[in-house]
Amino acid sequence: MRQTKYINKNRKKLKRVLLLIVLVIGSVSTNAQEINWLTFEEAIDAQQQNPKKIIIDTYTTWCGWCKKMDKETFTNKDVVDYINENFYAVKFDAEGNDVVNFKGNTFTNPGFDPSKVNGRNSSHQLSQYFGINSFPTIVYLDEEANLIGPIPGYKTPQQIELFLKLFGNDDYKKVTTKEEWENYSANFKYEFAK
């Protein structure tokens, strides 16, 4: 009888501990949101089914600012939510060896050197097509996969918000002069958390 009480008491404690573990793990996983990264071809295919703009994070394996942007900007909840809702997101190694089929062309990296996979390598043809020559660069495409523009450089969550909304809301179509850009950026209402 005494053993049964002891076992029942320990079962209750064990159940409480397990419940606590499940709650902690559940809360951690719901807070750890991520951008839904796709391959280039997956984004183009998805765009044909449900038109949205495409955002391409072009990076290199050796780029410290790219890693910082991954860690600090692309994990920000507001950035994650906005990108997932309004864009198809692509991560593209600008010096990688992927074969990309886009707009009837095949883009490769003919000078790719496998021995330099973790260092500087030759530029991918798709990077050249988009005019990318520094990293990170964020490339924006419209709903028909036409180039809106590349935006070079590291961006904080607040800095990228300006561009996400400029392109996401089609405001770029109304901002065509330097004066209009200065006015737009000076009057922009930032909402993303730091």
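The values are calculated or read from the model by the stated rules, or taken from the named source; none is laboratory data. What you see is a predicted model, and the numbers here were worked out from it, not measured in a lab. Here the Cβ positions follow ideal geometry from the backbone for every residue, glycine too, while neighbour counts run over all protein chains shown. Surface areas here come from the heavy atoms of the whole protein model, side chains and all, with no ligands, DNA or RNA. Shrake-Rupley method; radii C 1.70, N 1.55, O 1.52, S 1.80 Å.
Observations
- Unique residue being in a strand (DSSP E or B), modelled with pLDDT of 95 or more and among the acidic types (Asp, Glu) when the list is Asp70, Asp81, Asp45, Asp57: Asp57
- Single unsatisfied condition, Asn10 versus (1) open to solvent by less than 80 Å² (accessible area, probe 1.4 Å); (2) of a type outside the set (A, V, I, L, M); (3) modelled with pLDDT under 95; (4) under 28 Å from the mean Cα position of the chain (by Cα): (4)
- Thr61 meets all of the listed conditions (1) β-branched (Val, Ile, Thr); (2) more than 12 Å from the chain's Cα centre (by Cα); (3) open to solvent by less than 40 Å² (accessible area, probe 1.4 Å) but one, namely (3).
- Residue within region 160-174 that is in a strand (DSSP E or B) and crowded, with 18+ Cβ neighbours inside 10 Å present: no
- Complete set of residues in region 136-153 that are in a loop (DSSP other than H, G, I, E, B) and open to solvent by 50 Å² or more (accessible area, probe 1.4 Å): Glu143, Glu144, Asn146
- As for region 112-131, it holds no residue that is of a type in the set (Val, Ile, Thr) and modelled with pLDDT of 95 or more.
- Counting only residues that are free of Cβ contacts under 8 Å to residues at least 40 places away in the same chain, of a type outside the set (Lys, Arg) and under 24 Å from Met69 (Cβ atoms), region 176-194 holds 5 of them.
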